[in-house]
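The values are calculated or read from the model by the stated rules, or taken from the named source; none is laboratory data. Quick caveat, the model's predicted, so the values are computed rather than measured. A quick note on method: Cβ atoms are made from the backbone with ideal geometry, for glycine too, and the neighbour counts reach across all protein chains shown. All accessible areas refer to the heavy atoms of the entire protein, side chains included, with ligands and DNA or RNA removed. Shrake-Rupley method; radii C 1.70, N 1.55, O 1.52, S 1.80 Å.
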Protein chains: 2
Amino acid sequence: MKPAEFLAKPSQWLIGDGPEGNIVVSSRIRFARNIKCKPFPGWGKRNERLEVLHIVWPVVENLPQMHDALSVGMDSLGMLEKQLLVERHLISREHAAKSIGSAVVITPEQTLSIMINEEDHLRIQALLGGFQLQQVFSIINQADEYLEDKLDYAFSEQLGYLTACPTNVGTGMRASAMLHLPGLFMSEQIPKIINSVNKIGLAVRGIHGEGTEAMGNLFQVSNQTTLGESEEDILNHLQKVISQIIEHEKNARLSLLEKRLNFVHDTIGRAYGILLHCASINSKEALNLLSSIKLGLDCGFFPSHFRQFIDELFIEIQPAHLQKFFNTTKLNPQERDCLRAQFIRQKLSHLPPPSFLHSSNQPPPNPQNN
Amino acid sequence: MKPAEFLAKPSQWLIGDGPEGNIVVSSRIRFARNIKCKPFPGWGKRNERLEVLHIVWPVVENLPQMHDALSVGMDSLGMLEKQLLVERHLISREHAAKSIGSAVVITPEQTLSIMINEEDHLRIQALLGGFQLQQVFSIINQADEYLEDKLDYAFSEQLGYLTACPTNVGTGMRASAMLHLPGLFMSEQIPKIINSVNKIGLAVRGIHGEGTEAMGNLFQVSNQTTLGESEEDILNHLQKVISQIIEHEKNARLSLLEKRLNFVHDTIGRAYGILLHCASINSKEALNLLSSIKLGLDCGFFPSHFRQFIDELFIEIQPAHLQKFFNTTKLNPQERDCLRAQFIRQKLSHLPPPSFLHSSNQPPPNPQNN
């Protein structure tokens, strides 16, 4: 599949609700794998990286899931296409910076993505919407078993899979869920949650992984350790903790609706008002306001058929997606913020005001009669 | 006229546009006057204040302009009524705290207001919409000449009118204009303007005079000195300076529309979006957002027949006016902020979105074609 054709379709994980889809945006697992006796990409010379690429790429392309895949060398992708793949979480920022000697192969429904010569020879990633780490594990495990059968993985009986960075040695697995936590944010419980999660050996990160800021109340929770535990143990632990965070988020939302309903209404109403009437907006503010709209959907304040629309906007308002939509290459941040505002207004033009404002054309009630 | 009947009507200075009405909200002059050989209200005993009241009140009531006036002792007004008069700039905060021994007489159209036993025996105030200090001076001067004819004013050939506070001795006159300066605010020129105005002996204050904060981009510019200059000189000086500020504001608006149009659109669009969709808003934020809507009207982004509506909102969203509208007495700040949001939504429910957003249902233009 050509990049243009591939990128014209939305990622499947965005379509429809997965389990606990109101809180868990997506579940993701990646494996780091390397070929025995070949230098890691960061250490290898150009011809050594090319040699690994020539060994690995055809095998990856032959994976049964990779029928009709996007399969492309990083030297054949333009800056914009690379950035689009980053914004869809299909390649890493680091991989986007690679050129000749690196490649990526992604299934057409964008659920399984394999980077060749990123930090490791192979970075295999599977991604589904909602809370379904076990299903994601099945997908990635199936791909990994196929590849392990054809390729000679660097593996130590004592340590497990060997990786370029020691933090990945062992299982080479990083499993994560992207959580939408507006309730915990509005009730100021995020720092407490991050602190507790960190204490039990898990990491909490922003929307684009390591070293990125939390935006749109989206938090990625993942395992930190890869050594000394089985994949099953890691996943069980992670699932248990995420289930607890989901419960906390549900309780926070219930408590807000019960005790601070007007604050919730105000937050959602303002988000709606600004998104539909601003003339300029940056990514961060847009994501934060979309988070309030998403909460409004979960609370039933907006018609539910707008859900996919809103979920897609989280991706579509990012710089490369905007640039692609407007079919332009040269945009400074100011121009981009204007186009983003215009784009959001157009996209949301049919979204009605939140239902709790419907009384706005009625005379205000007399509080003495309440 | 009964207070309830009086307060049911809006102040005339709010209705229709005065000269330079886009920038000068109102022009106001007050005279401080005292009766010869009677102790100032702050020094006098209760029976001495009552004696002055009995001398002055009937004379004030007999002013030809005071036909059908509101004429009431401060002990007969409720807290809410007093606060309503303060919010309409018809009595001072200090006078609202007075009770027996003090009174106020106000013309039905609310243009001329005379406080008895405020800081001085007489505080005469005239108020008109727009930039018309000369007309205001005619009104107040006519009333003052009538009163001077019937009452024995404390006057020194050397100093002029004697007043309780030395800062008023001389003319006893404080003339001011309330200016709406969103252009200077948005182009960050307010501190520079305040500095220049202060240097030439004039004062710049917030919406409720001395010691109050600037809200809604409303600034009151007034003379500081009352001694050693004639009323005419003071007014000429003040008029000249205000004319210059008006020019600066006009230039700032033109420059913003020319060089930062999108910033102006964004500010006005967001103000519209928040005012029409928030569920809670305090006075200060509401005034600041209304200021942007008012600028939008001046720029032609809203239909002009909404002008009076918006101007009245500046008064109507204040605490006592809200309390009166909702016919309630017990409101904590949170409840008031909710009712304010509801009130504004209702009042503005027919205000269309700013005209520059009309394109929001069209597909966004391609910037390459621009």
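Points to keep in mind about this one:
- Selected from B:Pro166, B:Pro353, B:Pro182 as most flexible by GNM, with chain B as the system and alpha-carbon contacts under 10 Å: B:Pro166
- Note on A:Glu247 and A:Ile315: the extension gain reaches 21.9 nm, defined as 0.36 nm multiplied by sequence separation minus the Cα-Cα distance.
- Rel. contact order, % - alpha carbon contacts under 8 angstrom, at least six apart, segment A:260-369: 37 percent
- Full-stretch length increase - A:Ser76, A:Ser255 - with 0.36 nm per residue and alpha-carbon distance subtracted: 59.3 nm
- Among the trypsin sites (Lys or Arg not before Pro) within segment A:244-346, those in coil by DSSP and having at most 11 neighbouring Cβ atoms inside 10 Å are A:Lys330.
- Label-point gap, in nm, between A:Arg93 and B:Cys37 - each point 7 angstrom along Cα→Cβ: 8.6 nm
- Number of partner chain Cβ atoms within 10 Å, mean per residue of A:338-347: 5
- Average beta carbon contacts from partner chains per residue of B:276-286, 10 Å cutoff: 5
- Cα shape, segment B:10-94, gyration tensor, a/c 1.5 rule: prolate
- Label-to-label distance for A:Glu335 and A:Ser230 is 5.7 nm, based on points extended 7 Å past Cα in the beta-carbon direction.
- Per-pair calculated FRET efficiency, R0 = 22 Å: A:Asn198 and A:Lys240 via Cβ, rounded to 0.05: 0.90
- Range of Cα positions in segment B:84-146 per principal axis (Å), largest first: 34, 26, 19
- Area hidden from solvent between A and B (accessible, protein heavy atoms only, 1.4 Å, total, Å²): 3000 Å²
- Near B:Leu162: Cβ cut-off under 13 Å, other residues only, Lys/Arg at +1 and Asp/Glu at -1. The net charge is -1.
- Fully extending the segment from A:Lys284 to A:Asp152, taken as 0.36 nm per residue of separation minus the present Cα-Cα distance, adds 43.2 nm.
- For chain A, modelled as a GNM whose springs connect Cα atoms under 10 angstrom apart, the maximal fluctuation among A:Ile315, A:Ile140, A:Ile274 occurs at A:Ile274.
- Taking every DSSP helix (H) stretch of at least 4 residues in chain A, weighting each as -39,500 (n - 2.57) and dividing the sum by the residue count yields a mean residue ellipticity at 222 nm of -13500 deg cm²/dmol.
- Degrees separating the helix A:283-298 axis from the principal Cα axis of chain A, which is the longest one: 70 degrees
- For segment A:260-369, the fraction of alpha-carbon pairs in successive 10 Å shells from zero, as %: 14, 44, 27, 11, 3, 1
- Filter on A:Lys36/A:Lys82; B:Lys2/B:Lys347; B:Lys9/B:Lys330; A:Lys324/B:Lys347; A:Lys240/A:Lys347; B:Lys284/B:Lys324 - keep pairs with C-alpha separation over 31 Å: A:Lys324/B:Lys347; A:Lys240/A:Lys347
- The shape of segment B:197-292 comes out oblate: with a ≥ b ≥ c from the C-alpha gyration tensor, a/c is at least 1.5 while a/b does not beat b/c.
- For segment A:260-369, carbon and sulfur atoms together expose 51% of the accessible surface, with a 1.4 angstrom probe and every protein chain in place.
- Most to least packed among A:96-103, B:141-148, A:115-122 [average Cβ atoms within 10 Å]: A:115-122, A:96-103, B:141-148
- Normalised by 2.2 N^0.38 Å, where N counts its residues, the alpha-carbon radius of gyration of the protein assembly as shown equals 1.28.
- Percent of Cα-Cα distances greater than 34 Å, calculated over chain A: 31 percent
- Between A:His305 and B:Met1, the simple spin-label model (points 7 angstrom out along Cα→Cβ) gives 5.5 nm.
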